[in-house]
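The values are calculated or read from the model by the stated rules, or taken from the named source; none is laboratory data. These numbers come from a predicted model, not from an experiment. When we count neighbours, we look across all protein chains shown, and the Cβ atoms used for this are built from the backbone with ideal geometry, even at glycine. What goes into the accessible areas is simple: the full protein's heavy atoms, side chains included, and nothing from ligands, DNA or RNA. Shrake-Rupley method; radii C 1.70, N 1.55, O 1.52, S 1.80 Å.
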Amino acid sequence: MKLRKVTAASATVLALALTATACGGDDKDSGSSDGGGKKITIGIKFDQPGLGQKTPDGYEGFDVDVATYVAKKLGYSEDQIEWKESKSADRETMLQRGDVDFIAATYSITPERQEKVDFAGPYLLAHQDVLIRADDDKIKSPEDLNDAKLCSVTGSTSAQNVKEKLAPKAQLQPYPTYSACLPGLQNGAIDALTTDDSILAGYAAQDQFKGKFKLGGFKLTNENYGIGVKKGSDLKDKINKALEEMVADKSWDKAVNDNFGPANYKNEPAPKIGDIKS
């Protein structure tokens, strides 16, 4: 008799646990292939002004605008988006593990990355460039960076590439982040900062720096920004369609002007899907 009571009690506990689990499973339907799920998780940068930045009021930037538009076309409203920080070194792993449904985070399409993840896009063609003071009339070409103090950010190869290939006499000045370079550029401690022109434009467009800096316009490399998805995901084709619609209805142009306009960023036209510039 005692054994029967224990068995019945165990069955009751198990039934309650299964019910709770089933209810919990309804909290999030992330990455539903036909959209309309309760949540979609999107990876962005949290620390790149003009592109992906976390602020006290929420999230803003060109990548955020693109990702929000795409999510809407997939069937998700803004309040159904869960934003997750995607640092450069973590992006492939986050997609492979399923931590996010897609990533829009200045994510350049490269052959090496395409072996690990799939890309929709590209949705922006950026170039490595330099940011200099607005009144600087000495740096007019990459060669003029010889003897110039060039910001070198830990973990970035941009400045090193300039020194090795274009201006061997450039004086690399180590700084921890791009944000840390800007006061030095403003006060003359450094002469130039180099990374993708879209990133530089985002920094220059900040209220405290408006009108103080300008882009060199050197176009040192091609950086094809794509939206990363898990290998084999059916989201790729749906995101590509959304990106085409964003260009067609001029929402893409508005996002560029809203986020980069104050820096006088001379952006490339919206790239065609699959057109990757080497």
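Specify which of the listed residues (ALA105, ALA192, ALA126, ALA204) is in contact with a Leu (Cβ under 7 Å, 6 or more places away or on another chain), buried (at least 24 other Cβ atoms within 10 Å of the Cβ) and either at pLDDT below 95 or closer than 30 Å to GLY274 by Cα (or both).
Working: ALA105 fails: in contact with a Leu (Cβ under 7 Å, 6 or more places away or on another chain); ALA192 fails: either at pLDDT below 95 or closer than 30 Å to GLY274 by Cα (or both); ALA126 fails: in contact with a Leu (Cβ under 7 Å, 6 or more places away or on another chain).
Exactly one residue qualifies, and that residue is ALA204.
Residue under question is SER77, and the condition is that it be hydroxyl-bearing (Ser, Thr, Tyr) and in contact with a strand residue (DSSP E or B) (Cβ under 8 Å, 6 or more places away or on another chain); does it hold? Outline the logic, then answer.
Numbers: hydroxyl-bearing (Ser, Thr, Tyr): yes; in contact with a strand residue (DSSP E or B) (Cβ under 8 Å, 6 or more places away or on another chain): no.
Taking the combined requirement at face value, the residue does not satisfy it.
Results for (1) in contact with a Gly (Cβ under 6 Å, 6 or more places away or on another chain); (2) loosely packed, with under 15 Cβ neighbours inside 10 Å; (3) under 20 Å from LEU243 (Cβ atoms), shown as yes or no for each residue.
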position	(1), (2), (3)
ASP47	no, yes, no
GLY52	yes, no, yes
ASP57	no, yes, no
GLY61	yes, no, yes
ALA71	no, no, yes
ASP79	no, yes, no
TRP83	no, no, yes
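Conditions tested, residue by residue: (1) at pLDDT below 95; (2) in contact with a strand residue (DSSP E or B) (Cβ under 8 Å, 6 or more places away or on another chain); (3) charged (D, E, K, R).
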residue	(1), (2), (3)
LEU200	no, yes, no
ASP234	no, no, yes
LEU243	no, yes, no
VAL247	no, no, no
LYS250	no, no, yes
ALA255	no, no, no
PRO262	yes, no, no
TYR265	yes, yes, no
SER278	yes, no, no
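Could you please find all residues in the range 228-259 being open to solvent by less than 80 Å² (accessible area, probe 1.4 Å), in contact with a helix residue (DSSP H, G or I) (Cβ under 9 Å, 6 or more places away or on another chain) and of a type in the set (Lys, Arg)?
Correct list: LYS238 only.
Among the residues of the range 86-93, is there at least one that is at pLDDT 95 or above, of a type in the set (Gly, Ala, Ser), buried (at least 21 other Cβ atoms within 10 Å of the Cβ) and over 26 Å from ALA180 (Cβ atoms)?
The answer is no; no qualifying residue exists.
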